[in-house]
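Have a look at the structure below before the remarks.
No lab work stands behind these numbers, since they all come straight from the coordinates. The shown structure was predicted, so the numbers you read here are calculated from the model rather than taken from an experiment. Here the Cβ is made from the backbone with ideal geometry for all residues, glycine too, and neighbour counts use every protein chain on show.
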Amino acid sequence: MNFIDKEIEEYAKLYTSNEPELLKELAEFTETNMPMAQMLTGKIEGRLLKMLVALTGAKSILEIGMFTGYSALSLAEALPEDGRLLTCDIDEEVAKLAQEYFARSLHGSKITVQLGPALETLSKTNQTFDLVFLDADKENYVEYYQSIIPKLNSNGLLVIDNCLWSGKVLEPQAETDVAIHKLNQLIVTDPRVENVVLTVRDGVNLVRKL
């Protein structure tokens with residue numbers, strides 16, 4: 001993910017509100033120790049997620065794709081005390097790491113971790129959500145989207161990460177490129193929603209259910 005000018009990215013980080021020290025520690029640990037560290041949400045997008053929760057007043061959040069927990073903690077930070085976040089992932093070892101940080105956070109008690117395929121979790125739950133953050137296996141993005149929209153409350157917000165995929169959506173060739181481009185095409189023609197694609201990091205698609 002290097003299609004955004006590095007100096008502009010660093011400038012944006014510098015002039016974005018700081019994250020809590022625990023999140024800084026988690027980011028440093030992830031970048032130093034995790035083989036797929038580029039999956040980290042990071043400061044800019046993390047602060048965006050927190051702000052979206054605060055602006056929407058969301059009280060029920062679903063996250064699909066947790067990684068080391070940076071995004072979950074960013075979302076939970078803006079939840080009210082009675083708010084709840086359900087986060088889904090399939091990697092038990094990474095989930096254990098995330099839960100260690102959740103346990104150290106003032107907001108960790110708002111987070112519930114569900115291990116297993118998120119599509120199965122979605123099919124089994126009757127819960128609906130005010131906000132959903134999707135950042136999982138890209139090949140299944142369309143299927144995730146179709147499963148999420150019925151679970152999203154009216155005026156609810158779906159936040160989709162990596163919707164520009166390092167610019168590969170311009171000329172999609174690989175399976176992942178095609179899947180992301182297909183979802184972007186689906187969203188902009190879906191009468192159930194309105195959306196805006198943001199050029200934040202690797203692209204963020206904000207989708208509001210009408």
- Item | Spatial separation of Cα centroids for the range 73-117 and the range 25-58, in angstrom | 13
- Message: Given the chain, report the % of alpha carbon pairs whose separation exceeds 29 Å.
- Response: 19
- Note on the structure: Projected onto the charge dipole of the range 1-132 (unit charges on the beta-carbon of Lys, Arg, Asp and Glu, signs +1, +1, -1, -1), the Cα from Gly65, Thr32, Ala76 with the largest positive-side position is that of Ala76
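So how strong a dipole does the chain carry about its Cα centre when Lys and Arg Cβ are +1 and Asp and Glu Cβ are -1, to the nearest 20 debye? Mind dumping the intermediate values first?
On the way: 20 positive and 32 negative charges, 151 e Å.
Roughly 720 debye for the chain.
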- Message: Cut-off under 30 Å on the C-alpha distance; same-chain residues fewer than 8 positions from Lys96 excluded. Which lysines are left, in chain and number order?
- Response: Lys13, Lys24, Lys43, Lys50, Lys59, Lys110, Lys124, Lys138, Lys151
- Any residue on another chain or 5+ positions along whose placed amide H is under 5 Å from the amide H of Leu198 is listed here as Val204, Asn205, Leu206
- If each residue's Cβ is checked for other Cβ atoms within 10 Å, how do Glu21, Glu194, Glu63 rank with the fewest at the top? Glu21, Glu194, Glu63
